[in-house]
Amino acid sequence: MSSADETKKLVIGLYGEMRLSMMLHELGWQVHRAYIDEGIDFTITKYWCPQCKTYSNQYIRYRNYKGSRKKCVTNLCEHCKTTQLQVVSRYLQVKTSEGKETSRGDVRAFSFHPKIRYDMGDDVFYVWIAVFNDKIDKRCHFYIFNTKDVSKFDNINLDAYQITDNQKTTLLIDPSGEVKSSGRIYDYSCFNDIFYMNFDALE
């Protein structure tokens with residue numbers, strides 16, 4: 001791969017992560033990006049009130065101090081104003097692909113190459129981003145699922161799967177984000193029926 005291709009790949013990756021960060025922020029998540037790539041790209045957090053059974057912002061309390069009104073950010077629920085908030089964390093590995101042209105018109109082939117390919121528990125997720133980098137507009141499609149859900153479309157028990165770092169899943173995706181792949185062994189319908197824009201999975 002040439003240096004120009006490497007640069008383009010890096011730019012597309014950063015663009016996908018930026019778009020993801022903005023969407024997560026709009027959904028109330030605080031987004032923390034790793035400085036060193038060790039497999040987890042983002043840690044995202046929200047505050048949870050165990051009393052109200054809901055996500056909450058921190059209660060901001062105002063008090064008069066030395067003749068002026070002062071703001072104090074507390075660790076209390078903004079709803080009940082008495083319960084200490086708990087921090088809910090999710091850990092995301094983010095993969096972005098621009099896709100390659102195919103003989104099927106606008107349908108492109110996207111290869112996803114995760115570094116974490118095992119069940120890492122309820123709090124670790126993949127976000128696979130397919131970017132249609134058109135001249136006028138860049139469209140991002142997000143496929144979000146827990147690490148354990150890889151078994152829905154791939155055989156993680158293969159010996160080769162456990163020992164190689166070259167395992168890839170290639171999907172044919174149209175501009176609307178619909179996965180067109182229909183494997184002989186694996187069923188990719190979960191990408192359309194469950195994973196597509198599945199931000200609720202993080203809740």
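Among the residues making up region 74-106, those that are crowded, with 17+ Cβ neighbours inside 10 Å and under 30 Å from PHE153 (Cα atoms) are ARG90, TYR91, LEU92, GLN93, VAL94, LYS95, THR96, SER97, GLU98, GLY99.
Under the condition of being in a loop (DSSP other than H, G, I, E, B) and either of a type in the set (Phe, Trp, Tyr) or surrounded by 11 or more Cβ atoms within 10 Å (Cβ to Cβ) (or both), the residues counted in region 49-68 number 5. Identify, from the list ASP106, ASP119, the residue that is in contact (Cβ under 8 Å) with a residue 60 or more places away in the chain, farther than 18 Å from SER21 by Cα and assigned to a loop (DSSP other than H, G, I, E, B). So the residue among ASP106, ASP119 that is in contact (Cβ under 8 Å) with a residue 60 or more places away in the chain, farther than 18 Å from SER21 by Cα and assigned to a loop (DSSP other than H, G, I, E, B) is ASP106. The set of residues in region 9-48 being surrounded by fewer than 16 Cβ atoms within 10 Å (Cβ to Cβ) and of a type in the set (Asp, Glu) consists of GLU26, ASP37, GLU38. Look at region 162-185: where a residue is over 18 Å from TYR126 (Cα atoms) and a partner is at pLDDT below 95 and among the hydroxyl-bearing types (Ser, Thr, Tyr), sitting 6+ places away or on another chain with Cβ atoms under 6 Å, you get LEU172/SER181; SER181/TYR188.
On the given criteria, is LYS71 surrounded by 12 or more Cβ atoms within 10 Å (Cβ to Cβ), in a strand (DSSP E or B) and free of Cβ contacts under 8 Å to residues at least 40 places away in the same chain?
Numbers: surrounded by 12 or more Cβ atoms within 10 Å (Cβ to Cβ): no; in a strand (DSSP E or B): yes; free of Cβ contacts under 8 Å to residues at least 40 places away in the same chain: yes.
So LYS71 does not fit the description; no.
With the requirement that a residue be among the hydroxyl-bearing types (Ser, Thr, Tyr) and more than 12 Å from the chain's Cα centre (by Cα), what does region 180-203 give you? So that I can check it myself, show each step before the final result.
Within region 180-203, the first condition is being among the hydroxyl-bearing types (Ser, Thr, Tyr), and the residues that meet it are 181-182, 186, 188-189, 196.
Residues satisfying the conditions are SER181, SER182, TYR186, TYR188, SER189.
The values are calculated or read from the model by the stated rules, or taken from the named source; none is laboratory data. A quick note: this is a predicted structure, and the numbers were derived from the prediction, not measured. Using ideal geometry, Cβ is built from the backbone for each residue, glycine included, and neighbour counts are taken over all protein chains shown.
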